[in-house]
Each structure stands twice: as C-alpha cells, then as structure tokens.
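The values are calculated or read from the model by the stated rules, or taken from the named source; none is laboratory data. Bear in mind that the values here come from a model prediction, so they are computed numbers and not experimental data. Every residue, glycine as well, gets a Cβ built from its backbone with ideal geometry; the counts of neighbours run over all protein chains shown. Please note that ligands, DNA and RNA were not included when accessible areas were found on the heavy atoms of the full protein model with its side chains. Shrake-Rupley method; radii C 1.70, N 1.55, O 1.52, S 1.80 Å.
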Amino acid sequence: MISKVKNAMSTLVGGMIPHGHHQHHGSGNVHHQNCHQDGLPPLFPYGRPEFLDLTSELLQYSTEHASRPVLTLKRDSRLPWRTGYAETINAGKSMLNEDQASCELLYVKKLSDKKQSNSTLLDDNGVRLPEDGTGIPLQYWGMFDGHAGSGCAIMASKLLHRLIRDRLEDIAHLLENPSAALPICLSNNGSPYQGAVKKGANATQDSEKPDAIPDPSIRFHMEKAVSLESLIMGVIENAFKQMDELIEKEEMSYTISGGCCALAAIHLMGKLYVANAGDSRAIIIRNGEVIPMSNEFTPESERQRLQYLGFLRPELLGNEFTPMEFPRRIQYRELGRKMLFRDHTMNGWAYKTIVEDDLKFPLIYGEGKKARVMATIGVTRGLGDHDLKVYNSNIYIKPFLSCCPEVIVYDMSEYEHGPDDVLVMGTDGLWDVTTDREVADTVSGFLSCCEPTDPVRYTLAAQDLLMRSRGVLKERGWRLPNERLGSGDDITCYVIPLAGPAGPAGPEGPETET
C-alpha cells in the first residue's frame, strides 16, 4: 500500500486530462470512485456563470487552453454594486474551467409572507424563481473552486445562496427587530416563544401538551450574551453544512463530480459576512490598507485538527497511515533511533524513539502548496468529495475534510468608503503567484487612473488583475513580467466596491480579452 501511495505522489499528470479524471488541487493521481454514479445524468449541465450570458460560441471559446481568453462583463453595472468580474481557464490541467461563480440580489422575508414554502430548488425547467423585491435585501457573491470535476461547484453556485436566504427567513422576525434581545427558545412555528404564567385548569392542560415549552424567563436567566451578528454567522455555517448534505443526497440520483472550495460574501443589514471553506481568499483594500477577510484551510494550517482526528479515530487511517509528523519519511533501518516528530498536541518539535508504527505513511505529507492529506488532496475544507478515496484503496478521505466555513464580519457602517475601497475575492489560481500587498497595489493603482464614475472601472480592474496573474504565453509557458511562471490554474476574481449599490444593470453582454 505504501508503495502505491508513493507512486501516486511522484506521478504528476501533465497536459490535457480526459473530462472526469482531473488533478486534485495539484496532487497526484486522484480517483473519485463513483461506482454508484455510473450511467446517472448530471444534475446541472456544464456552463459558465449565468450573469455572463454566454452564447454557445463564446462558451466554446472560453475552453481554449492555448489562448486562455479572459471573460469579463462588457459593463460591470450588469452586476449589483457595479461589481467587477473576470475569469480564465487553466493552462491544460483539466479540459474545462472547474471554477464557478454566482452573484445574486435576494430578499429575506418572514415565513408567513412567503408564497412558496420551499424556494431552495429551481423550477421544473431549471430556471431561477424570480424575486419580488420585498423583504430585507441580501446581496450575495460566491465563488467555487472545483477539483476532480465541475459538478459540485456548479451545484453549489446555483443553490448555496438560496439555502442561506431560506435559513435567514427562519429568523426574519428577529432581523426585523435588531435591537431586541434574542429569545432563548422559539416555538414550533419559528416565532419567539411567549410563555405566560397560567393558573388553574388551563395551566394543567397546557403542561400536558407534548410541545409545550415552559417560559425560560421564569426559571432561568440568559447566561451567555448572544448577538444577532453571531446568529447570522451560525445561519451561514449551517447553510454550508446543509449544502454539503444536499450534494451527498443528490449523488444517489445524479452524477455530481468532484468537490469544491467555497468562498461567499453576504451583505446584510450594513455588515459584510465573508465565509470561507477552502483555499480561496478575500481581502478588503481600504485607503491602500490590506484587511484580510479569510484564512486558507490546508493540510498545514489544519495539521493539528487532522492529527487529532487520526489519533481519536485510528480506524479512519486504514492501518496504512500514521497521525505523527516527521521531517522526512522514516526508513526501516532507523527503528530504535531518536528522531524529530510532532503530534496533535504540539506546535514545536521534540525527539521520540522510532517504532514500527512510525514507518506508516504520514497522514500529512509534503510542505507548502505540495502538502497533501493522505497523499491525495491539498485542501481540508470544502463541499462534496463524499466518494473520494486514497488511490487504489478503500480508505475514505471525507471524514478528514470539513464543510464548515470560517465567517469573518466587517461592519461597513463604521467607515465611510471611497470609490477605490474594494473587496477582492479570488480563487487560489490568483493568489498562487501574487501576494495580498501586490494585489492591493495593482488594484489601487489601476482604479486611481479611472474616473470614479466610470461604469466599467471595477470590471477593468478585475481584468487587469487576472491578466497579471495569468501572464503572457511564451516559449517556456505562461510567464509574468519578471519571467517567473504565471498561474496555470483556473482563475476567478471579483472586485467589489464597498461604497455600495450604484444604478441599474447595463444592457451590454460579455466580452473577452486575450
């Protein structure tokens, strides 16, 4: 088994790979063993984000690896807030662009005001159900970096925002009264439970009801301060988990290939909630200052969580992996020697005597962008991957992967934002070759040369940023101006002005740049 894993690590697949057998975030041979999906139809057909409105010719053009065209909106006012957007396909690691994106203006309304009880799914023809413009406005931006196929990313791009909206509608009556204290309990219909001290026969009858909830204010006081902000964060976290469960459920009836990292920004009631599960990244650029709005979840950043799970549940390791970490692979002749190691309890290093169990393949192997969980996957949070196994084995990797996002909140009402203050969101293809500071300097420098009222300034800024990370095709591949390798991955980025909404959508369609 160990030799098979070593071969998987050392064999990097290059060039074009048949659709459905893609590399897994730069890892070796990764196989989603979808035996139960054979012959099943896809839940959603492949395509690019709906807001691009691509013709079939442009859709085909967007898949050209030789030229890697940059797709943008001709007028960024097509998207709310004059949001800028740009994308390009990879240099050949997969046949299709596995990134997906969505941008939606939704409305949160009380359950009693809804005409349809379940608005999560699309209609019978797969068409989005329209919003009627009433309720609390919710602006949503999402990007999904797919791996081992685009099916999971496509499904998440179409449904995650609706799950978030639907879960917010469960607490819409609380959102309408943000200054009121949160009730500890809700009644069965979702409204705050209003208990009353009753006497005589009525009290006896009520206490016998199986769903009767005693008024907590009578017996208990609030021991923890719970804010509305933290309640909204919990709603977003649970929506991600619900999305992951929905993917697993639908895989019984449809082919939903691979998995995806998920990065979403939600503007609700004056605050920006940025939720990240994976290695995409978001930063705010305000007066030239960089404010990180996400952290990346990789085998290195989550080492202790993964090792602790392997320690608690050794059966998940299949008797083939060790949760211990060593500076390098241990050789058989080193049994009995003392070697540097660390486990889930340690940030530093120490020495231990090597025993036979330490010869197993490390749960986390490699360093930096080459670090992998079970020699397979380079991210530790995201959606999907329910059938992902270690190469040529029956060891599932999903137990080590979390769908729970980290949510960071930015209170927009605390600052007066200028036209050059933006939120930049990008998949890892953007950040692999550029730093936060370089992105901030690039975007700020570009916007300073544009008129503040220019309706396409943010789309042009996104296009410029993406082209700098992609580079120019030369004899030795895609190169940056300093001759370093450009990003060969799919790249997707948003440039979102923090000054807020600005005008109706423009009539023009998409355009491409090379």
Legend entry - Dimensionless Rg over Rh [the stretch 314-363; C-alpha; Kirkwood]: 0.94
Inset, instruction - Quote the relative contact order of the stretch 261-350 in percent (integer), defining contacts as alpha-carbon pairs under 8 Å separated by 6+ residues. - result: 18
Legend entry - Heavy-atom surface of the stretch 229-379, accessible at 1.4 Å and reported per residue (Å²): 44
Inset, instruction - Could you list, in their original order, any pairs among LYS93/LYS474; LYS241/LYS370; LYS369/LYS389; LYS271/LYS370; LYS158/LYS370; LYS110/LYS158 whose Cα atoms are separated by more than 25 Å? - result: LYS241/LYS370; LYS271/LYS370; LYS158/LYS370
Legend entry - the stretch 227-281, Rg to Rh (Cα coordinates; Rh as Kirkwood inverse mean 1/r): 1.06
Inset, instruction - Return the carbon/sulfur percentage of the accessible area of the stretch 400-497, one whole number, probe 1.4 Å, all protein chains in place. - result: 53
Legend entry - Distance (nanometres) between label positions extended 7 Å along Cα→Cβ at LYS241 and ASP170: 1.0
Inset, instruction - Could you calculate the contour length gain from SER253 to ARG484, that is, 0.36 nm times the residue separation minus the distance between their Cα atoms, to one decimal place in nm? - result: 78.6 nm
Legend entry - For the stretch 360-514, diffusion coefficient by Stokes-Einstein and Kirkwood Rh (Cα), 37 °C, 0.692 mPa s, µm²/s: 174
Inset, instruction - Could you check the simple spin-label distance between LEU105 and THR345, using points 7 Å along Cα→Cβ, in nm with one decimal? - result: 5.7
Inset, instruction - Name all residues of the stretch 451-471 having a backbone nitrogen under 20 Å from the label point set 7 Å from the Cα of ARG437 along its Cα→Cβ direction, giving them as ranges. - result: 465, 468-469
Inset, instruction - Would you mind computing, in nm to one decimal, how far apart the modelled labels at SER56 and ILE291 are, each placed 7 Å from Cα along Cα→Cβ? - result: 4.7
Legend entry - Peptides 45-51, 136-142, 163-169 ordered by average Cβ neighbours within 10 Å, highest first: 163-169, 136-142, 45-51
Legend entry - Alpha-carbon Rg/Rh ratio, for the stretch 275-348, with Rh computed the Kirkwood way: 1.16
Legend entry - the stretch 382-417: GluC sites (Glu not before Pro) in DSSP loop, at most 15 other beta carbons within 10 Å: GLU416
